[in-house]
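Q: Before we start, here is the structure in question, set down as structure tokens.
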Amino acid sequence: MKSGWAHRLLLLPAALWLLVMLVLPLLVVFVFSFGERAPAGGYIPAFSFDNYLNLPARLTAFKNTLILAPLGTLAALLIAYPLAYYLAIKASAKIRTTLLVMIIVPFWTSILIRTYAWIYILGGRGIPQLLEWIGIEGVRLINTPYAVLIGIIYGYLPLMVFPIYVSLEKFDKRLLEASEDLGAPPLKTFRDVTLPLSIPGIATGCMLVFILLMGEFLIPALLGGGKVFFVGNALVDLFLQSRNWTYGSAVAAALVIIMLVTVSIYMKLIMRGAGQREDVSLI
Amino acid sequence: MKDDNKPITRKQFIKQLRRYEKGSISRRQFLGVTGLGMATTVMAAAVPSLLPRKAWAAPNIGDRVVLATWPNYHDPANFEAFTQATGAHVQVNVFGSNEEMLAKLQAGGSGWDVFVPTNYTITTYVGEDLIEPLDLSQLPNFKASAFEPRFSDAGTVNGKVYAVPKNWGTTGFVVNNKHNKGKRMTSWKDFWDRTKTDYSGRTMVHDYQLTTIGNALKYFGYSFNSVDPKELADAEKLLLEVKPHLFAINSDYQPPLRNGDAWMSMCWTGDGKQLNTDIPTMEYVLGVEGGEIWSDYYAVPRGAEHREAGYALINFLLDPAINAREVMAHGYPVADSRTNALLPKALLEDPILYPARELLDALEFGAAATLTDPNRAELLARFKSA
């Protein structure tokens, strides 16, 4: 273990894994993005920036993604936080286990099936019909941006709940008593003690949800009726329908770059906010 | 194309099961009607130990054949019969669009032995060297003279037969007349105009540039296949105008039409027939301006792994008696006069399957250039993201 060679040798499997699973596919995307589309689709080697210059043609898709991804993340956070707080601090052990199981169980089924269920819940025979019975008529939910937002919150909620729950659950509850003893009202305790200590969980949850949302295509396709168009949907169409692999690669590369920039800015802000005392791990 | 995966309802299933128990239908019919035959086919592929042991019919063509095709486009009982006769088990891959099929073959390693391309894709497959000229000596059931040329000639490229006809059909629209206030629709002009008025929020168009743009072009009386920039610009203007009034852009249109969320949709023959059978107020309309007529084919990809079994399967399905059973199951017409001679008169006179001559004459076959035109692909992307 002393020599540098042994170290390097031990790193080899991990390095190889990264190379094959991460670097090579990304490299293919970058190389393709400078190529040219063959007349019937496919790849002709070339070096041109045409695909990148053409990116404004998917501006709306990028715009929609950059609006809905943060919005979905924020909405999921606002709903997940009280739930996680209740689970970690208020609930009795028995209720906690039951609720945790209820959050986990849906994960055993594919998101595709669960989203299909939402098609019926939001469709004409679902919630709108219930609303009609109580006198509110003409509500349309399915195939609107609202339906997509509901689907996203539903699908990503567990990813937000768990990191926050873990960070709230592990902190020393005596801090809350101490705060109370020292005369802080509940709201002040929450603001000055609970919230700062749960920031690592919030940060992790937000990052998980945000990153996955940026590439989401299934929920907008199914609940948006093909009318709500994300970068993910643009990519599916470019690769599977118009077979424009080179342009698709450029769009994918642009998405990766946008993510790198937004996520690093975000990390920096969070690190500063958390006073760098807690490590911001992904798990 | 032809997107429908409507499973049998529980009630119907029990009814069929009782009929089977009483002996009023055969096991084959039972499996076919309930979809169990297909389910078994799919499951068996995932569990190799369930596969039939060994071919007992000479010559040995191996134990399996992989078929890429469209949804609800075969009679599962026929696949069973094929396995019984040859020992080769049929593994079915279902696809949603010609583009997806082409993308998969271009990417390589599709693993298919037979697939079902539509007329306008065949020259592209030949140009890309993705399919092989058929060895007709292995297809004794293919008799070129029995087929109507306009539904079989796209299979021949540069004098060589690359594909043999499966079924043909049309692309029109289906409309639920329950909501039409006594004014029937007969044209693409009606389709688009009324989407903006009394069918607003209730209309669906395909997530498929060929048909959605093609039928928008018909509004102006242009060719379904136009790639002229000015004409495409007109179509784009119409599509963008109509978009806020659309229920969805999706080729899976049967479920919302059935549950009442959507009232009208672009539609292919077989779906029109199925919807009309179950909901009589659903009318299948071919626009008077024209639109699309298409023909599907069987082809063999280059380097097919179970090539011999692939040929055996095509030959088997082209047997007129087998083919007639196929038509009875999926409701798409065939161009083979030998098969038509075996079909019931009621089916041959069905106006959805066999539209009136003047409506048919106005239709156009899709062109290869239409499918691969990059401008049309970009137009659809703009339409979807608007």
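The values are calculated or read from the model by the stated rules, or taken from the named source; none is laboratory data. Everything numeric here is computed off the predicted structure, so don't read it as measured data. With ideal geometry, Cβ positions are generated from the backbone for all residues, glycine too; neighbour counts draw on all protein chains shown.
Yes/no per residue for (1) under 22 Å from the mean Cα position of the chain (by Cα); (2) among the acidic types (Asp, Glu); (3) buried (at least 21 other Cβ atoms within 10 Å of the Cβ):
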{"site": "B:89", "(1), (2), (3)": "no, no, yes"}
{"site": "B:99", "(1), (2), (3)": "yes, yes, yes"}
{"site": "B:104", "(1), (2), (3)": "yes, no, no"}
{"site": "B:108", "(1), (2), (3)": "no, no, no"}
{"site": "B:115", "(1), (2), (3)": "yes, no, yes"}
{"site": "B:124", "(1), (2), (3)": "yes, no, yes"}
{"site": "B:128", "(1), (2), (3)": "no, yes, no"}
{"site": "B:131", "(1), (2), (3)": "yes, no, yes"}
{"site": "B:135", "(1), (2), (3)": "no, yes, no"}
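Q: Please count how many residues of the range B:191-209 are within 14 Å of chain A (Cβ to nearest Cβ) and either under 25 Å from the mean Cα position of the chain (by Cα) or of a type in the set (Gly, Ala, Ser) (or both).
A: Result for the range B:191-209: 10.
Q: Filter the range B:132-170 for residues that are in a strand (DSSP E or B) and more than 19 Å from residue B:73 (Cβ to Cβ) and give the result.
A: Once the filter is applied, which keeps residues that are in a strand (DSSP E or B) and more than 19 Å from residue B:73 (Cβ to Cβ), the range B:132-170 yields B:156, B:157, B:160, B:161.
Q: If you go through the range B:291-313 one residue at a time, do you hit one that is away from chain A (no Cβ under 14 Å), free of Cβ contacts under 8 Å to residues at least 60 places away in the same chain, among the acidic types (Asp, Glu) and under 30 Å from residue A:224 (Cβ atoms)?
A: Within the range B:291-313, not a single residue is away from chain A (no Cβ under 14 Å), free of Cβ contacts under 8 Å to residues at least 60 places away in the same chain, among the acidic types (Asp, Glu) and under 30 Å from residue A:224 (Cβ atoms).
Q: Separate question: Is it the case that some residue within the range B:174-187 is of a type in the set (S, T, N, Q), farther than 29 Å from residue A:138 by Cβ, crowded, with 23+ Cβ neighbours inside 10 Å and away from chain A (no Cβ under 14 Å)?
A: Within the range B:174-187 (the criterion being of a type in the set (S, T, N, Q), farther than 29 Å from residue A:138 by Cβ, crowded, with 23+ Cβ neighbours inside 10 Å and away from chain A (no Cβ under 14 Å)), the answer is no, since none of the residues qualifies.
Q: Another question, if that's okay. Could you identify the single residue in B:342, B:347 that is free of Cβ contacts under 8 Å to residues at least 60 places away in the same chain and assigned to a loop (DSSP other than H, G, I, E, B)?
A: B:342
Q: Moving on. Which residues, taken from the range B:119-135, are of a type outside the set (A, V, I, L, M), within 14 Å of chain A (Cβ to nearest Cβ) and touching a residue at least 12 places away in the same chain (Cβ under 8 Å)?
A: Hits for the range B:119-135 are B:120, B:121, B:123, B:124, B:125, B:128, B:129.
Q: Would you tally the residues in the range A:204-243 being facing chain B (nearest Cβ under 10 Å), more than 13 Å from residue B:249 (Cβ to Cβ), touching a Phe, Trp or Tyr at 6+ places or on another chain (Cβ under 9 Å) and not in a helix (DSSP H, G or I)?
A: Total satisfying the criteria: 1.
Q: Sticking with this structure for a sec: Find all pairs meeting these conditions: Cβ atoms under 8 angstrom apart; at least six residues apart or on different chains; first residue within the range A:259-277 and among the small types (Gly, Ala, Ser); second residue modelled with pLDDT of 85 or more.
A: Correct list of pairs: A:273/A:199; A:274/A:196; A:274/A:199; A:274/A:200; A:274/A:203.
Q: Additional query: Could you list all residues from the range A:140-172 that are basic (Lys, Arg) and away from chain B (no Cβ under 14 Å)?
A: Matches in the range A:140-172: A:170 only.
Q: Anything in the range A:246-274 that is more than 21 Å from the chain's Cα centre (by Cα) and surrounded by 22 or more Cβ atoms within 10 Å (Cβ to Cβ)? List them, or say none.
A: Within the range A:246-274, A:246, A:247, A:248, A:249, A:250 qualify.
Q: Would you say residue B:364 is assigned to a strand (DSSP E or B) and either in the same structural domain as residue B:282 (by TED's automatic domain parsing) or within 19 Å of residue B:77 (Cβ to Cβ) (or both)?
A: When the stated conditions are applied, residue B:364 passes them.
Per-residue answers, yes or no, for (1) farther than 24 Å from residue A:123 by Cβ; (2) at pLDDT below 95; (3) among the acidic types (Asp, Glu):
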| site | (1), (2), (3) |
| --- | --- |
| B:219 | yes, no, no |
| B:231 | yes, no, yes |
| B:235 | yes, no, no |
| B:255 | no, yes, no |
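Q: Let me ask you something else. Just one of (1) part of a helix (DSSP H, G or I); (2) more than 14 Å from chain A (Cβ to nearest Cβ); (3) surrounded by 15 or more Cβ atoms within 10 Å (Cβ to Cβ) trips up residue B:277, so point out which.
A: If we test residue B:277 against (1) part of a helix (DSSP H, G or I); (2) more than 14 Å from chain A (Cβ to nearest Cβ); (3) surrounded by 15 or more Cβ atoms within 10 Å (Cβ to Cβ), just (3) comes out false.
Q: Scanning the range B:361-386 for residues that are more than 18 Å from the chain's Cα centre (by Cα) and away from chain A (no Cβ under 13 Å), which turns out farthest from residue B:251 (Cα to Cα)?
A: Selected residue: B:361.
Q: Just name the residue that is surrounded by the most Cβ atoms within 10 Å (Cβ to Cβ) out of those in the range A:49-68 that are in a helix (DSSP H, G or I) and within 10 Å of chain B (Cβ to nearest Cβ).
A: Result: A:58.
Q: I'd like the full set of residues that are under 24 Å from residue B:250 (Cα atoms) and either at the interface with chain A (Cβ under 10 Å from one of its Cβ atoms) or of a type in the set (Gly, Ala, Ser) (or both), limited to the range B:85-100.
A: B:96, B:97, B:98, B:99, B:100
Q: Then there is this: Take the residues in the range A:107-121 that are within 10 Å of another protein chain (Cβ to nearest Cβ) and more than 20 Å from the chain's Cα centre (by Cα); name whichever of them is surrounded by the fewest Cβ atoms within 10 Å (Cβ to Cβ).
A: Looking at residues that are within 10 Å of another protein chain (Cβ to nearest Cβ) and more than 20 Å from the chain's Cα centre (by Cα), I get A:120.
Q: If we scan the range B:210-227, do we find a residue that is more than 24 Å from the chain's Cα centre (by Cα), assigned to a helix (DSSP H, G or I) and either within 12 Å of chain A (Cβ to nearest Cβ) or at positive phi (or both)?
A: no
Q: Out of curiosity, is residue A:190 among the aromatic types (Phe, Trp, Tyr), more than 14 Å from chain B (Cβ to nearest Cβ), buried (at least 17 other Cβ atoms within 10 Å of the Cβ) and assigned to a helix (DSSP H, G or I)?
A: no
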